[in-house]
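Note sheet for the following structure.
The values are calculated or read from the model by the stated rules, or taken from the named source; none is laboratory data. These figures come from a predicted structure and were not determined experimentally. All Cβ positions, glycine included, derive from the backbone under ideal geometry; neighbour counts span all protein chains shown.
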Amino acid sequence: MLKLKTACWDYDRTRALFDGRVKPRDIELDMWSTREVSVIMERMIRERAFDVSELGVTYYIRSLELLGGPFVAIPVFPNRFFRHSSVFVNVGSGIETPRDLAGKKVGELHRYGHDAGLWAKGAFSDDFGVSARSQIHYVGGLDHPVTAPDWAPFDPPPGVEIHHLGPDQTLSDMLDRGEIDALYSAQIPACYREGSKNARRLFPDFEPVEADYFRRTGIFPIMHTVVIRRDVYEANRWIARALMEAFEAAKALAMNGYSMSDVFFNAPSMIPWFAGLRERVRGLMGPDFWPYGVEANRKTLEACLRHHHEQGLTKRLFTVEELFAPETLA
């Protein structure tokens, strides 16, 4: 029995791996998690602390060019979000539509090209003709000052203006004061959470906007994937398929649980109108609205790789097949 130290967030779609209801064939998983998913990523990149780990797609793709390919991914996507809802603007910025972002000062969580920002900027480029290079980027901590992270090497792309926040600056405060015009963020800034009148979402009614984006494009943005340390993978290449099957089985248990709850109008959940949300999601995206595997996600993955290249995050345009272990492509 091969023992693999595995780190990811305790999502509904991974919970069966944590509690042991799903066990990969011939593998014993030593599961580890923490409150901040970024800690998992930092430990994997800096220390190679895990055999298997959740990792931001942008970090993984950069690792193929900058770090000599220390990881191999499997087409499992534990974290994905539509990102129109993740863009906040200062009310005095004059930004009413994404077209107005051109030439503006925009904040971005931690670094240029983090996954939430990549997808929002990619969608705005495709639909509104606003390129990432047309904006002035300010990167740093959201609610608390942080030093520039040194654990994910990054070559700033040519032609992109990037400013790092000072030791006393935060993106939330800068948005609130109008020192930046907009913010791309994977987390809701404190100024918005606390009811500041100076900050609002670019799309206050974001659900129909994001539903229309999916209807038109078929893209459900992917934030994170699952990677295997390359030395571990090369020693036991069969584990790529075994792990993928286990993550699939864990997700299926979660999906089945929701489907069983549908009969009772999702009474196990405390969220009002959750049954109606479930019906809308299935009507738009189909019964398997959170697919794993390459073919079911090819359109999304191709868009992801194109956005990376267009925004200067990769020197060349990768193909989907280059990202994943060959054992998982079928």
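For region 143-174, a residue qualifies if it is farther than 29 Å from Arg316 by Cβ and in contact with a helix residue (DSSP H, G or I) (Cβ under 6 Å, 6 or more places away or on another chain), and the qualifying residues are Asp143, Ser172.
Is at least one residue of region 57-70 among the aliphatic types (A, V, I, L, M), touching a strand residue (DSSP E or B) at 6+ places or on another chain (Cβ under 8 Å), within 23 Å of Leu142 (Cα to Cα) and not assigned by TED's automatic domain parsing to the domain that holds Phe206? Talk me through it step by step, then tell me what you get.
The initial filter retains those residues of region 57-70 that are among the aliphatic types (A, V, I, L, M), namely 57, 61, 64, 66-67.
Now drop any that are not touching a strand residue (DSSP E or B) at 6+ places or on another chain (Cβ under 8 Å), which leaves 57.
From what's left, within 23 Å of Leu142 (Cα to Cα): 57.
Restricting the remaining residues to those that are not assigned by TED's automatic domain parsing to the domain that holds Phe206 gives 57.
Yes, because at least one residue in region 57-70 is among the aliphatic types (A, V, I, L, M), touching a strand residue (DSSP E or B) at 6+ places or on another chain (Cβ under 8 Å), within 23 Å of Leu142 (Cα to Cα) and not assigned by TED's automatic domain parsing to the domain that holds Phe206.
I'd like to know if region 209-224 contains one or more residues that are out of contact with any helix residue (DSSP H, G or I) (no Cβ under 9 Å at 6 or more places or on another chain), modelled with pLDDT of 95 or more and not in a strand (DSSP E or B).
Applying the first criterion (out of contact with any helix residue (DSSP H, G or I) (no Cβ under 9 Å at 6 or more places or on another chain)) to region 209-224 yields 212.
Now restrict to residues that are modelled with pLDDT of 95 or more: 212.
Filter once more, so that each one left must be not in a strand (DSSP E or B): 212.
The answer is yes, given that some residue of region 209-224 is out of contact with any helix residue (DSSP H, G or I) (no Cβ under 9 Å at 6 or more places or on another chain), modelled with pLDDT of 95 or more and not in a strand (DSSP E or B).
Asp10 meets all of the listed conditions (1) acidic (Asp, Glu); (2) more than 21 Å from the chain's Cα centre (by Cα); (3) more than 25 Å from Asn236 (Cβ to Cβ) but one, namely (2).
Among the residues making up region 26-46, those that are modelled with pLDDT under 95 and more than 16 Å from Val226 (Cα to Cα) are Arg35, Glu36, Arg46. For beta carbons closer than 7 Å, sequence separation of 6+ or different chains, a first residue in region 20-31 that is assigned by TED's automatic domain parsing to the domain that holds Phe50 and a second that is exposed (fewer than 11 other Cβ atoms within 10 Å of the Cβ) and modelled with pLDDT of 95 or more, the qualifying pairs are Glu28/Lys3; Asp30/Lys3. For region 95-115, enumerate the residues that are surrounded by 22 or more Cβ atoms within 10 Å (Cβ to Cβ) and touching a helix residue (DSSP H, G or I) at 6+ places or on another chain (Cβ under 6 Å). Listed by number, the residues that qualify are Gly107, Glu108, Gly113, Asp115. Out of region 243-269, which residues are surrounded by fewer than 19 Cβ atoms within 10 Å (Cβ to Cβ) and within 16 Å of Asp26 (Cβ to Cβ)? Within region 243-269, Glu245, Ala249 qualify. The residue pairs whose first member lies in region 103-115 and is farther than 17 Å from Glu179 by Cα, whose second member is in a strand (DSSP E or B) and among the β-branched types (Val, Ile, Thr), and whose beta carbons are closer than 6 Å, counting only pairs six or more residues apart or on different chains, are Arg111/Val139; Tyr112/Val139; Tyr112/Ile162. Tyr192 meets all of the listed conditions (1) at pLDDT below 95; (2) of a type in the set (Phe, Trp, Tyr); (3) closer than 21 Å to Glu36 by Cα; (4) surrounded by fewer than 23 Cβ atoms within 10 Å (Cβ to Cβ) but one, namely (1). Could you say whether any residue in region 7-16 is of a type in the set (S, T, N, Q), surrounded by 15 or more Cβ atoms within 10 Å (Cβ to Cβ) and either part of a helix (DSSP H, G or I) or touching an Asp or Glu at 6+ places or on another chain (Cβ under 7 Å) (or both)? Within region 7-16, not a single residue is of a type in the set (S, T, N, Q), surrounded by 15 or more Cβ atoms within 10 Å (Cβ to Cβ) and either part of a helix (DSSP H, G or I) or touching an Asp or Glu at 6+ places or on another chain (Cβ under 7 Å) (or both).
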